[in-house]
1. Do we have residue 74 as under 23 Å from residue 139 (Cβ atoms), crowded, with 19+ Cβ neighbours inside 10 Å and touching a helix residue (DSSP H, G or I) at 6+ places or on another chain (Cβ under 7 Å) here?
2. Closer than 19 Å to residue 195 by Cβ and assigned to a strand (DSSP E or B): does that describe residue 135?
3. Of all residues in the stretch 160-179 being over 17 Å from residue 116 (Cβ atoms) and under 30 Å from the mean Cα position of the chain (by Cα), which is surrounded by the most Cβ atoms within 10 Å (Cβ to Cβ)?
4. If we keep just the residues of the stretch 10-26 that are at pLDDT 75 or above and surrounded by 10 or more Cβ atoms within 10 Å (Cβ to Cβ), which is farthest from residue 145 (Cα to Cα)?
5. Just one of (1) farther than 23 Å from residue 215 by Cβ; (2) crowded, with 19+ Cβ neighbours inside 10 Å trips up residue 137, so point out which.
6. Mind telling me which of the residues 229, 204 ends up being at pLDDT 95 or above and closer than 20 Å to residue 154 by Cα?
7. What number of residues within the stretch 96-125 satisfy the criterion of being without any contact (Cβ under 8 Å) to a residue 60 or more places away in the chain and part of a loop (DSSP other than H, G, I, E, B)?
8. Going by the conditions given, is residue 213 closer than 23 Å to residue 109 by Cα and in a loop (DSSP other than H, G, I, E, B)?
């Protein structure tokens, strides 16, 4: 129990207020977790040397690919899981807030080629990316604080122009409006968010939804394309 209290205190000091380890975890298994975290912390200390700035601890798992590290700013406590790929090449780079978690096999791709690099990515505090997310940063993507992304979520901040039917799409250029996800949003598993979308504060995107237009604050949306099914501040009213 004393070990749990010490670890809870350390986690709290890193910015995760109120976080408590499950009391059902045995001392042995807790020891295994600590050993893994120490190895991740050592890798993170090396990564810190190459970042543009970092104000806290970094926990870095194995088999990660991080390109253009000098364009990344990290806040207090950043966790990067195994097999994560990050390409930060963009006009404004990547800015991670405090307590950001990026779990395994997630890809953050700021630039597909050097012909036209992306704008940049800004992430607030206490944001979590579940495994296998894909974030395509071409136009600017801004993510607020306390945002949760389920597994396999995809975000795209670019669209191909296709107005001329006599010209191949790959010769008509692209448009980049950007994506803005405000604080308190929950994006469910396998949801897709397209370029030009703003998702309002405390909204919920149901699993498997395709979001191609703005979502008002506090609304729950679902479907392909996503439509409002409920306002969280008025649980008895459905919206079509």
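The values are calculated or read from the model by the stated rules, or taken from the named source; none is laboratory data. No experiment lies behind these values; they were computed from the predicted model shown. Glycine also receives a Cβ, built like all others from the backbone with ideal geometry; neighbour counts cover every protein chain displayed.
1. So residue 74 fails the test.
2. Yes.
3. 179
4. If we take residues in the stretch 10-26 being at pLDDT 75 or above and surrounded by 10 or more Cβ atoms within 10 Å (Cβ to Cβ), then 25 is farthest from residue 145 (Cα to Cα).
5. That leaves (1) as the condition not met.
6. 204
7. 16
8. yes
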